[in-house]
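Novice: Structure in C-alpha cells, see below.
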Amino acid sequence: MFKKLIEESTGKSPWLFHINAGSCNGCDIELVAVLTPRYDAERLGFKLAGSPRQADIVVVTGPITAQSLPRVLRTIEQVPEPRCIVTMGSCPQSGNVFRGSYSICGPLSKYVHVDVDVAGCTPKPEAVIDGLALATKILQQKRREMK
Amino acid sequence: MSFLSYQHFPIFTIMLYFLGAFLIVVFGKAKALRHAVAFLCTAGPLALLISLIGRVMVHGEIISYWMGNRTPVGDYAIGIALEVDALSLFFGLLVATAVFVACLYSFRYMERDHNVPQYYTLYLMLAGGVMGLVLSGDLFNMFIMVEILTFAAVALTAFRNKVTGALEAAFKYLVVGSIGSTCILAGTIILYAQARTLNLAQLAAVIPGNFGVSTKLAFALLFIGFCTKAFIVPFHPLAADAHGAAPASVSVLISGVLTKSGIYGIIRLVFFLFQTMNLGTMQFWLVFLGSVSMFVCVTMALAQHDFKRLLAFHSISQIGYVLTAVGLATGLGISAGLYHAMNHTLFKGLLFLAAGAVLHETGTTDLGKLGGLAKKMPHTAALFLIGAASISGIPPFNGFASKWLIYQATYQKAAETGNIGFALVTVIALVTSTLTLASFVKVTQSVFFGQMPEECKNAKEVPFGMRFAMGILALLCILTGLFPGLVTRYLTEPAAKAAFAAGNYINAMMGQGYAERIMGAAAPGAPAVSFASSGVWSPLSWLLLLMIALLAICVVALSGKYDKVSVRSSKEVEKKYQLFYGGETQSFSQVGGGDLFWGFKHNWRHYFSFMHDLHSGIVNDYSLWAVVALALAIVYALIVL
Amino acid sequence: MLLVLNALKYLAYILIFPGFLFSFLVGMLLTGIDRKIVARMQKRVGPPILQPFYDFFKLLGKETIVPDAANRRVFLLAPLVGLAGITVLQLFIPVFHFHVFDNVADVIVILYLLLIPALAEILGAAASGSPYAGVGLSREMVTILAVELPLLLVLLAVAKTVGSAMGRGLVFSLSTIVGYQELHGSLITKLSMIPAAVAFLLIIPGETGSHPFDTAEAETEICEGMMAEYSGAPLGVYKLTHAMKIFTVVSLFVALFLGGIGAGIQNLVAAIGLSGAFAGALSLLLQILVLVLLSIVLTIVCISFVHAITARLRIEQVFKYYWTIVTCFALVSLVMAWYGL
C-alpha cells in the first residue's frame, strides 16, 4: 500500500544500535560526538536506539573479545530485517594493536556479513557520518530487495 | 394463599439452602447425587428470586410473610416474619447468583479435597445464613442467621486445615467474629428491652418516639456488629487471613456475600430502624469509615505478595466504596453504592475464582513463584483480565460504571451541601481506583505474563466446569458495564427508593396506617428521590466507535502487507527470538524487577512501615482494635448523634 | 439511503476528521516540530519536520519479531487497541464550536479514556515477557498514578466553576464547558482558573511521557522500557499513538481553558459579512487552523522547552513532583472555585 513511501522513508530514518565489543572507548566517544551540535547526525534522521529490536544499523566498536563474541552475535541476530552492520575503528576489522592476543576473536567479518567498515583509530566524525550515510544507502537497497 | 403463591417464595428460598445442607449430610456419599442436590438447591433460590423481580422491583410491591400465618395481634408482632422489599431482593439476588456460580465452580475445584460432603453442607449453611439475614423481617432472626453464617464461614476457612495458617485464620475469625456477633446480640437485647418487639418494621415505627441513651448504645453495638461482618476498617486483617486460607469458592462467598450481609445490615439500621437519627452526622461517620477502608486497604494490597491476600484487601477496599456511597444518603449515592455492591460481587467472585484456578494448577498463590501463565492457561488469563479491568474501573466494564456514578454522587453531594470535604472523598475514590489499577497491573505482570518459572511449566488449562463458572461472571461483568441504564432502572434505583421508603416498609408489615398512627407527623412517606447526575457516559456508543476504529485499523494493517510478522517455527532455540537481556542469555540475566511500585512506595515509606508495624498478625491486637472501635462508636453515638 | 449517508458521515468523522487522519497528521507534525525546536535550542540543525513520518513509515517496512517468551496475540493486538482508543478519544474533544459526539463521554470519563492507550501499552509490554518491559511498565503505572491526582483536581475545579457560573451545580460535559466559554470568555481569564491552567500545563509533559518524565521508556538505562521487545509496525503504531496523545492532551487543554476563542472566530467571519454554508465552512477551517497553531505553541512551551532544559528525573521524583507542586496548584484552584473567587 505504501511501498514507495516505505522505501523512501527507510533511507531517511536510520536508527543506530551501538555495541561495544571490548573497545578502548575512543570510538564510543566519537560516535556520540557525531550526535553533538557540531556534527549533528540527527539532521539526517540518525538516532540512538535503546534496544536492538528498534535498530536499523548496528555499529560495532572494539576488537571482538572472546567474552563479547557470543553476546555480539546474539544481539546482532535480534535486530529485525532489513539491517546493516557497520564496524567502526580499526579494531573490529583487523584487531588493531590487539591483534594476535589470545583473547581476541576478530575480525567481525569472520562471523557475520559486515556492510560498511569505517577505518581509523579513531575515525573522524566526518568519516563516521560518511560511513553511516553509505550504510543508509545499503539499507534502502536491502529494503527494496525485501519481499 | 395457595401453596405455590409467590408469597411463599422467600421462605422457600431460605429453606432450600438448609434443606440441601441436610440432604447432603444424609445422601452426600454418592458424588452424582451430591452434585445434583447442590445444583438444585443453589439454582432453585436464584430462579425463585428472579421470578420476584417483576413484582418487587418494577411494581414496588413489598412481600410480607408471617410464619404459620401468625399475624400481629393488637399491634404486637409476635410471629416470625419475612419481609422482602426491593432492597432485600436486591441483596438476595446478589447472594443467590454468587452462591450458584461458586457452587458450579466447586464441583471440579473441590475434587481433590477430602470430606467434600461436609464442604457442601457448610457451604449451603453459609448461603442459607446470608439469605435468611437478608430476607428476614425480624431483628432476632437476623442475629441467629449471623451466628449460622459466622460459624459456617469459620469452619469453611479452616476447611483445608493442612494449609499453613488455615487454623490460625479460622481462630482469628472466630474470636473477632464472636465479638461482632455478641455486639449484635447485645444491641438486639437493649432494643427489645426498650421497644418490647423484635420485628424490624415495628421497631422502625417505635424507636423514633423513644430515642434515648440506651437506643444510641444499641445503635453503636449493632453498627459495630455489622461492620465486623463487612470487614470495615479496623476488622480488615481477618478477611485477609481468611481469604488466604479458604478454598476459592468459599472466598467468593466470604467476599461477595458475607460482606454484603454486613452492608445490608448497616443500611437497614441507618435508613430504617434509626431513620430519624441525625442523618448529617451519620453521613460523616459512614463516609469517613468508607473512605478510610478504601484507602487503607488498597495500600495494604499494594504491599502483599500473595495473590489471594491481595484480592482480600481489594475486596474490603471496594466495600469501602459501597459504604461511602451509601453514606451519602442521596438517591444517586445509594443507587451508585448498590450498583457497586453488585459489581463487587461479580468481579470479585471472578477474580477469586481465577486465583483458585491458578492455585488448582500450580499449587501456589505466591506472586513471586508464578509467571507466564497466560501461555498455559489462556482462557483463565482472559477471564482474569476482564475481572481486573472491572475492579480497576476501566471503561467499559462494570466497575467503571459504578465508580463513575460514585464520583458523580460524591461531588454532587459536595456541590449541594457546599462542603468541600465531599470533594476530597471524590479525590480519594479516584486515587484508590488508580491504585487498584496499579495493583492489578502488578498481578497481571507477575502471574499471567513475565517470565515463567520452572514450577509452572506443567500447568494446564483448568477443566471446563471451572471456566464455565468464571465465564458466567465475566459475561455479567461486561453486560452490567455496557447497560448501566438498565441496571439502574430495574435493580439499583428501586432498591435505593426502598431505602428511603421506611414508611411503606412499616405499613406493609404491620397493616396500612400503622406508621402514621404510631409515629404521627414524623411518619416517613415515600419521598421523591432524585437520581439525576450531571455526567454523560454511554458505554455502548463508545464501544461501537472503538470497534469501528479498531476494525478500520486492522483492515489497513492487513491490506498493507508490510507487516511481516516473524514467529519461531522450528523447535530449536534461535537467538533471534530470545528476549533481549543486553546480549546475555536469560539464565545470566541480571535485570531485576522485584518491587514494581518502588516509585510510589518510596514516597510513602513512613506510612507503609507504620502500617506494617500495625498489622502484627496477633489475634489479641485485633480483638483490642475491635474493642477500641466499639468504644469509639459508643462515644460517638452518645455524644454526637 | 439516509441511513447509509449517515453511516458514511460518521465513518468520515472517525477516520478522517476529527478522528484518525486529522489527529495522525497533527500529532506527527507536533512531534516533528518538537524535535526541531529541541535541536535548535541545542544549536543543532535538527531533523526535518517530517522526520516522524519517515520514522513511522520506515517502521512499517521493518520485520516484526515476536519473541518466544511473548504471548503472541496480546503482543500484536495491544498496539492496535491503544491506537483505536486514542482515535476514539479524539472524537470526544471538541474543536471549539465543532463537536461530533457530545453525548458519549464527559470529562471524568475522558480522564479514564486517556488511560486506555497507556494501559494497552502496559498490557503489550507485559505480554512481551521482557524484564526491561516489566521495569518500564511499573514506572509507567507510577507516572499515571502521579498525574491522575492533579488532573482530577483540575477537572473538578473546572466542573465546579462552570457549574456555579451557569447555576447548575456541576457541569461535566465538555461541550457545555466550551459552550459556556464561548458566551462568557475563556476560562483562563478567570482568576480562580489560572492555577488550574498552570497545573494542566505542567501535567502535559507527564501525561504524554516526554522529558523529563519519560522514566518509563528511558532508552539509556532500561532499553526503551516497555518497548524493549517491539519492532517493526507495532512499534510504529506505538510511536503514532504517542504522537496522537500529545495532540489529544493539548487540545483538551484548549477546550478546557481557551474555548472562548471559537466565538471570536465566528464573530470575525460574521464581521466580514459572510453567511450561509460558505461562512460555516470558513469558520470551521479557521477554527481548525487556530487549534493547530495553539497546539504547536503549547507543545513548544510545555514539551520542547522543558525537554531542552531538563535532565530525566527518577521515578520517585516524578511522583513527588506531581503530588506536591502540581497538586498544590490544582488544589488552590479547586478551593478558589469552591469559594467563588
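Please treat every number below as a calculation from the coordinates, not as lab data. What you see is a predicted model; the values in this text were computed from it and never measured. With ideal geometry, Cβ positions are generated from the backbone for all residues, glycine too; neighbour counts draw on all protein chains shown.
Novice: Can you say what percent of the DSSP beta bridges in the protein assembly as shown, counting only those with both residues inside, are antiparallel? Round to 5.
Specialist: Percent antiparallel among DSSP bridges in the protein assembly as shown is about 40.
Novice: Okay, next question. Name the shape class, rounded, prolate or oblate, that the alpha-carbon gyration tensor gives for region C:228-341, where a ≥ b ≥ c are the square roots of its eigenvalues, rounded holds for a/c under 1.5, and otherwise prolate holds if a/b is larger than b/c and oblate otherwise.
Specialist: Oblate is the answer for region C:228-341, as a/c is 1.5 or above yet b/c matches or exceeds a/b.
Novice: Further question on the same structure: Mean 1/r over all different Cα pairs, inverted: what Kirkwood radius does region C:2-338 give, in Å?
Specialist: Taking the inverse mean of 1/r over all distinct Cα pairs, region C:2-338 comes out at 20.7 Å.
Novice: Using only helices, what value at 222 nm comes out for chain A when you add -39,500 (n - 2.57) per DSSP H run of length 4 or more and divide by the total residues, to the nearest 500 deg cm²/dmol?
Specialist: Calculated mean residue ellipticity at 222 nm is -10500 deg cm²/dmol.
Novice: For B:Tyr76 and B:Ile11, what is the calculated FRET efficiency with R₀ set at 25 Å and r taken between the beta-carbons, to the nearest 0.05?
Specialist: 0.70
Novice: Now for a different question. If you place +1 on the Cβ of every Lys and Arg, -1 on the Cβ of every Asp and Glu, and leave all else neutral, what size is the dipole of chain B about its Cα centre, to the nearest 20 Debye?
Specialist: Value, rounded to 20: 1020 debye.
Novice: Give me the percent relative contact order of chain B, please, defined on Cα pairs under 8 angstrom at least 6 residues apart.
Specialist: Reported as a whole number, the value is 15 percent.
Novice: So how far apart, in nm, are the two label points at A:Asn20 and A:Glu8 if each is 7 Å from Cα heading toward Cβ?
Specialist: Going from the A:Asn20 label point to the A:Glu8 one covers 3.9 nm.
Novice: Turning to a different aspect of this structure: Would you give the gap between the C-alpha center of region C:265-317 and the C-alpha center of region B:206-259, rounded to a whole Å?
Specialist: Value for the Cα centre distance between the two parts: 55 Å.
Novice: Determine the dipole magnitude for region C:206-341: charges of +1 sit on the beta-carbon of Lys and Arg, -1 on that of Asp and Glu, nothing else is charged, the reference point is the Cα centre, and the result goes in debye to the nearest 20.
Specialist: Dipole magnitude for region C:206-341 comes out near 400 debye.
Novice: When all alpha-carbon pairs of chain A are counted, what percent fall beyond 29 Å?
Specialist: 13
Novice: Next question, about the same structure. Take the Cα of C:Arg312, step 7 Å along the line toward its Cβ, and report every residue of region A:42-58 whose backbone nitrogen sits under 17 Å from that point.
Specialist: The answer is A:47-55.
Novice: Going through region A:78-123, which chymotrypsin sites (Phe, Trp or Tyr not before Pro) have at most 10 other Cβ atoms within 10 Å and a DSSP loop state?
Specialist: Those that pass, being in a loop and sparsely packed, are A:Tyr102.
Novice: Once the piece of chain linking B:Asn210 and B:Val26 is laid out straight, how much longer is it, given 0.36 nm per residue of separation minus the C-alpha distance between them?
Specialist: 61.3 nm
Novice: Still on this structure, please answer the following. Please list the non-local residues whose amide H lies under 5 Å from the amide H of B:Asp138, H modeled 1.01 Å from N, same-chain partners needing a gap of 5 or more.
Specialist: B:Leu200
Novice: Output the relative contact order of chain C, whole-number percent, from Cα pairs under 8 angstrom with separation of 6+ residues.
Specialist: Worked out over chain C, it gives 28 percent.
Novice: Cα axis of helix B:213-230 to longest principal axis of chain B: angle in degrees, 0 to 90, nearest 10?
Specialist: 30
Novice: Round to a whole angstrom and tell me the spacing of the C-alpha centers of region C:29-43 and region B:148-175.
Specialist: Taking the Cα centre of region B:148-175 as reference, the centre of region C:29-43 is 64 Å away.
Novice: Could you please state, rounded to a whole Å, how far the C-alpha centre of region C:318-333 is from the C-alpha centre of region A:1-77?
Specialist: 40
Novice: Also, I was wondering about something else. In deg cm²/dmol, rounded to 500, what helix-only [θ] at 222 nm does chain C give when every DSSP H run of at least 4 residues adds -39500 (n - 2.57) and the total is split over its residues?
Specialist: Only helices count here, giving -22500 deg cm²/dmol.
Novice: In straight Cα distance, which lysines are under 16 Å from B:Lys376, not counting same-chain residues fewer than 8 positions off?
Specialist: Answer for B:Lys376, where 16 Å is the Cα cut-off: B:Lys457, B:Lys460, listed by chain and number.
Novice: Exceeding 24 Å between C-alpha atoms, which entries from my cross-link table qualify? They are C:Lys43/C:Lys245; A:Lys4/C:Lys239; A:Lys142/B:Lys375; B:Lys260/B:Lys497; B:Lys442/C:Lys160; A:Lys124/C:Lys43.
Specialist: With Cα atoms farther than 24 Å apart: C:Lys43/C:Lys245; A:Lys142/B:Lys375; B:Lys442/C:Lys160.
Novice: Further question: Compute the FRET efficiency between C:Val297 and A:Met146 as 1/(1 + (r/R0)^6), taking r as their Cβ-Cβ distance and R0 = 45 Å, and round to the nearest 0.05.
Specialist: 0.65
Novice: 5 Å is the cut-off here: which amide hydrogens, built 1.01 Å from N in the peptide plane, fall below it relative to A:Val58, excluding neighbours closer than 5 in sequence?
Specialist: Correct list: A:Phe17, A:Cys84, A:Ile85, A:Val86.
Novice: Put a dot 7 Å past each Cα toward the Cβ at C:Ile325 and B:Glu454; how far apart are the dots in nm?
Specialist: According to this spin-label approximation, the distance is 5.0 nm.
Novice: Based on DSSP H runs of at least 4 residues, each adding -39500 (n - 2.57), what is the mean residue ellipticity at 222 nm of chain B after dividing by all its residues, to the nearest 500 deg cm²/dmol?
Specialist: Rounded to the nearest 500, it is -22000 deg cm²/dmol.
Novice: Something else: Once fully extended, how much extra length lies between B:Leu475 and B:Asn69, figured as 0.36 nm per residue of separation less the alpha-carbon to alpha-carbon distance?
Specialist: Stretched fully, the B:Leu475-B:Asn69 segment lengthens by 142.0 nm.
Novice: Counting only other chains, what is the mean number of Cβ atoms within 10 angstrom of the Cβ of each residue in peptide C:112-121?
Specialist: For this peptide, the per-residue mean of nearby foreign Cβ atoms is 3.
Novice: Between C:Leu191 and B:Ile618, how many nm apart are label points set 7 Å from Cα along the C-beta direction?
Specialist: Label at C:Leu191, label at B:Ile618, 5.7 nm between them.
Novice: Assign one of three labels to region C:58-155, namely rounded, prolate or oblate, based on the Cα gyration tensor with a ≥ b ≥ c the square roots of its eigenvalues; rounded applies when a/c is under 1.5, prolate when it is not and a/b is larger than b/c, and oblate otherwise.
Specialist: oblate
Novice: In the neighborhood of A:Leu134, defined by Cβ-to-Cβ distances under 14 Å, what is the net charge if each Lys or Arg adds +1 and each Asp or Glu adds -1?
Specialist: -3
Novice: Just check the protein assembly as shown against the gyration tensor rule for me: Cα atoms, a ≥ b ≥ c as the square roots of the eigenvalues, rounded for a/c under 1.5, and otherwise prolate or oblate depending on whether a/b exceeds b/c.
Specialist: The shape class here is prolate.
Novice: Under the definition of Cα pairs under 8 Å and six or more residues apart, what whole-number percent is the relative contact order of region A:16-145?
Specialist: Computed value for region A:16-145: 28 percent relative contact order.
Novice: Hey, another quick one. Nothing charged except the Cβ atoms of Lys and Arg (+1) and of Asp and Glu (-1): what's the magnitude of the dipole of region A:16-145 about its Cα centre? Round to the nearest 20 debye.
Specialist: 220
Novice: Helix B:259-268 against the longest principal axis of chain B: what's the angle in degrees, Cα atoms only, rounded to the nearest 10?
Specialist: So the helix axis and the longest Cα principal axis differ by about 30 degrees.
Novice: Oh, and also: Could you work out how far helix C:131-166 tilts from the main Cα principal axis of chain C, as a 0 to 90 degree angle to the nearest 10?
Specialist: For C:131-166 against chain C, the angle is about 10 degrees.
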